[in-house]
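Heads up: the structure comes next, in structure tokens.
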């Protein structure tokens, strides 16, 4: 779950000395920190709305410790949440980390009894959403996230895995039920009806919200995507990939917070990330206060990153399929001669077209829920002038509807960026 | 797996007295049999190619005992096969039996250690394939199987189940890996290449088989369906529904042999069954020896059953969705007013259209593998004149290709039966 606000002083699960004494018993974290418990310093990390998160610094390096209480930390015991989420997060770090080493924090230790994981602490990186909210760019972003998506989604799909290995992984992640339920409810259901956690810029957008809820084309499209999320087991997803779960720094991008990991349609991850680039695109207008016709430099860059993310994802995914398509799906042995190889290559393109169609739909669904639902992002909530905020949100809502109800009409990523420009200028 | 021949005298896992003594310890089987072990008679059932199957008769009734050795019984230890298959068969009997009581044998006992299940013995019923092979009809067949399909597939889908219950079931059946692997290999892969277990009417169909293997449209369509089998978790399937896994009698139809049960696309079960009605349709010509232009009575009835199976499946499924759509997919609360209800009703039709498209494709794939693969059915192998057999198989191959490569072009079940008539007359 996204952490958009500084955390209030939370209940601390671990006293500092208890934590360092515990870490001293763990080989990998101890090696990374260097020295012994007496040399280590513990800081609680402010972003922990849901979990207890600590940075531990040693002479040689630092580690991050994340402990999941059986509830949402800022809400307390009134909002129970399975602490098993940390197990799935850790296992996803392992599976995705194998596929895309360096693109996420290295997992160092899992303690299933304490519901605690230890991973690399990513130094000198900033949460992407914070950087975008300051109007800054991060060169190479689309290339880096597109590469992460291609590697992780390909490696955990039936194109790469033998069916027996894939089925074992599916069985394991099927148990992340409670976290999946949050997505099922928040993304596809609650925002379309009266629900106490929904919020939007009111009264400015009241009419738009009423119109969305009465729009049967939107409701059917959202329900169809929910059915796809519930029934597809195409690849192991991050499950909540947005600009708050990407850290950027001089050495690239790191993806973290995999606690919603589950098998699902690839487009859920791809479209989710694109939605947050598009939110930043519309939010830039809101920050300036006056919607001004020409895009600013960041906005042009953001749409370029939308295209880059998809284009790099598509090309890397295709390259991986050509070089490493050793899974049980599309068995290479059937397409060994020249005519077979050509037919398979055409089908690879068609497969990616289907992933694009899914991605466009899920992008629309994610935009919608971030505009009028519970977890509104800081890009938008940080815009203090409600009129300016409503204006850019209204434009984003237009895009959300178009992507949601006509996903298959957007046949290339350029159709998506064109639609964003069109929605912005009304 | 289908049993087409009388079983050779197999190794007996249980001596009769050991079996009756064992059954005496089990409350439900004992109650159904009546009396005590001394009153019971054990018969080995001839159809057990894969498992040891016994009928046990008592004063009040009879039970069927099925024990899975860790190999395919007729092949012996040279063909290992997980004995866990019996666990999944039993669990599917429970889940499907709850949805469609009376449509399958009542499960009475599962012994996970002995890899053994006890179920109701279905008296006075004949294996449907045997009856069809004698040119006979079974009035009400399509209605009965269509009803079974609607009830079982609906009840185990996200339309009926809360997501948490469905995910737990998916996790459980994901472990039927080895049996799924047989389907993945036999239906979608092995028949399209040189493989030692493939067989067909040779040399008559050698050219056709070579043409199928060189037909990239067929290969791509089969691979795409395999990907769908590997990635979709739409409902709990029987997994091998054909005319050899349906028993018919005066009181209706009973579906059995659920050892391939897994979550997959609904169309795999629906299309699989339709394929075997169509095999019987073409086989009727082969049995007569001379292909004669007008359909005989059984053939007309068989095509009517194809239409009945689909029509009844569709109508009952829709009725269940309207009355009992309490799952997490397509949440009813979003479609409560009149306009929402009308939109949802239209979407229900679109959902069933997508199931039909899947069913047509899987029907083509199943036809193909039963004509030129390993498990050729008795309908065809029982035709002694190779010329007559090849002629009807050639017609069936034409239909298989048309359904496989143009599944979406068959927009109603009548398009399928028209295509069958067209393929029959060349």
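List of remarks:
- Odd one out for residue A:227 among (1) within 11 Å of chain B (Cβ to nearest Cβ); (2) on the phi > 0 side of the Ramachandran plot: (2)
- Looking at A:127, A:118, just one residue is closer than 29 Å to residue A:315 by Cα and crowded, with 20+ Cβ neighbours inside 10 Å, and that residue is A:127.
- Residue match in region B:314-322 (condition: out of contact with any helix residue (DSSP H, G or I) (no Cβ under 8 Å at 6 or more places or on another chain), over 25 Å from residue B:239 (Cα atoms) and in a helix (DSSP H, G or I)): no
- Of the residues making up region B:161-179, those that are within 20 Å of residue B:84 (Cα to Cα) and either within 7 Å of another protein chain (Cβ to nearest Cβ) or free of Cβ contacts under 8 Å to residues at least 60 places away in the same chain (or both) number 6.
- Residue A:12 touching a helix residue (DSSP H, G or I) at 6+ places or on another chain (Cβ under 7 Å) and either under 30 Å from residue A:132 (Cβ atoms) or modelled with pLDDT under 95 (or both): no
- Residue B:205 vs. criteria surrounded by fewer than 24 Cβ atoms within 10 Å (Cβ to Cβ), more than 10 Å from chain A (Cβ to nearest Cβ) and either within 30 Å of residue B:331 (Cβ to Cβ) or touching a helix residue (DSSP H, G or I) at 6+ places or on another chain (Cβ under 6 Å) (or both): yes
- Unique residue being modelled with pLDDT under 95 and either crowded, with 20+ Cβ neighbours inside 10 Å or not in a strand (DSSP E or B) (or both) when the list is A:194, A:227: A:194
- Residue selection: residue B:84 fails the criterion of being closer than 28 Å to residue B:235 by Cα, surrounded by 17 or more Cβ atoms within 10 Å (Cβ to Cβ) and in the same structural domain as residue B:310 (by TED's automatic domain parsing).
- Residue in region A:207-219 that is outside the structural domain of residue A:107 (by TED's automatic domain parsing), closer than 19 Å to residue A:150 by Cβ and out of contact with any strand residue (DSSP E or B) (no Cβ under 8 Å at 6 or more places or on another chain) present: no
- Looking at region A:71-120, the strands (runs of 3 or more DSSP E) lying wholly inside it that each contain 3 or more residues that are without any contact (Cβ under 8 Å) to a residue 24 or more places away in the chain and farther than 27 Å from residue A:157 by Cα sit at A:76-80.
- Annotation: of all residues in region A:326-352 being within 30 Å of residue A:405 (Cβ to Cβ) and exposed (fewer than 14 other Cβ atoms within 10 Å of the Cβ), the one that is farthest from the other protein chains (Cβ to nearest Cβ) is A:349.
- Lone unmet requirement of (1) touching a residue at least 12 places away in the same chain (Cβ under 8 Å); (2) away from chain B (no Cβ under 14 Å) for residue A:292: (1)
- Within region A:180-202, the only residue that satisfies the criterion of being free of Cβ contacts under 8 Å to residues at least 12 places away in the same chain and touching a helix residue (DSSP H, G or I) at 6+ places or on another chain (Cβ under 7 Å) is A:181.
- The listed residues are A:96, A:125, and the only one of them that is modelled with pLDDT under 95 and either out of contact with any strand residue (DSSP E or B) (no Cβ under 8 Å at 6 or more places or on another chain) or closer than 16 Å to residue A:255 by Cα (or both) turns out to be A:125.
- Odd one out for residue A:116 among (1) at pLDDT below 95; (2) farther than 30 Å from residue A:209 by Cα; (3) in contact with a strand residue (DSSP E or B) (Cβ under 7 Å, 6 or more places away or on another chain): (1)
- Just one of the numbered conditions (1) outside the structural domain of residue B:281 (by TED's automatic domain parsing); (2) touching a residue at least 24 places away in the same chain (Cβ under 8 Å) is not true of residue B:135: (1).
- Hits in region B:272-304 (condition: in a helix (DSSP H, G or I) and closer than 12 Å to residue B:392 by Cα): B:278, B:279, B:280, B:281, B:282, B:283, B:284, B:285, B:286, B:287, B:288
- In the condition set (1) without any contact (Cβ under 8 Å) to a residue 60 or more places away in the chain; (2) within 14 Å of another protein chain (Cβ to nearest Cβ), residue A:322 is compliant with all but (2).
- Helices (runs of 4 or more DSSP H) lying entirely in region A:325-426 (those with 3 or more residues that are without any contact (Cβ under 8 Å) to a residue 24 or more places away in the chain and more than 23 Å from the chain's Cα centre (by Cα)): A:338-372
- Note on region B:48-70: residues that are in a loop (DSSP other than H, G, I, E, B), more than 20 Å from the chain's Cα centre (by Cα) and under 29 Å from residue B:35 (Cα atoms) amount to 4.
- Filtered by the rule that a residue be within 25 Å of residue B:158 (Cα to Cα) and more than 10 Å from chain A (Cβ to nearest Cβ), region B:184-202 gives no residues.
- Among the candidates A:289, A:264, residue that is outside the structural domain of residue A:63 (by TED's automatic domain parsing), touching a helix residue (DSSP H, G or I) at 6+ places or on another chain (Cβ under 7 Å), over 17 Å from residue A:423 (Cβ atoms) and modelled with pLDDT under 95: A:289
Yes/no per residue for (1) closer than 21 Å to residue A:175 by Cβ; (2) modelled with pLDDT of 95 or more; (3) within 14 Å of the chain's Cα centre (by Cα); (4) away from chain B (no Cβ under 14 Å):
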{"site": "A:231", "(1), (2), (3), (4)": "yes, yes, no, no"}
{"site": "A:238", "(1), (2), (3), (4)": "yes, yes, yes, yes"}
{"site": "A:249", "(1), (2), (3), (4)": "no, yes, no, yes"}
{"site": "A:255", "(1), (2), (3), (4)": "no, yes, yes, yes"}
{"site": "A:269", "(1), (2), (3), (4)": "yes, yes, yes, yes"}
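- Among the residues of region A:208-217, not one is more than 10 Å from chain B (Cβ to nearest Cβ) and under 21 Å from residue B:326 (Cα atoms).
- Residue list for region A:145-169, restricted to those being touching a strand residue (DSSP E or B) at 6+ places or on another chain (Cβ under 7 Å) and either surrounded by fewer than 24 Cβ atoms within 10 Å (Cβ to Cβ) or over 25 Å from residue A:325 (Cβ atoms) (or both): A:169
The values are calculated or read from the model by the stated rules, or taken from the named source; none is laboratory data. Just so it is clear, the model here is predicted, and its values are computed rather than measured. Quick reminder, even Gly has a Cβ in these numbers, built from the backbone with ideal geometry, and neighbours come from all protein chains shown.
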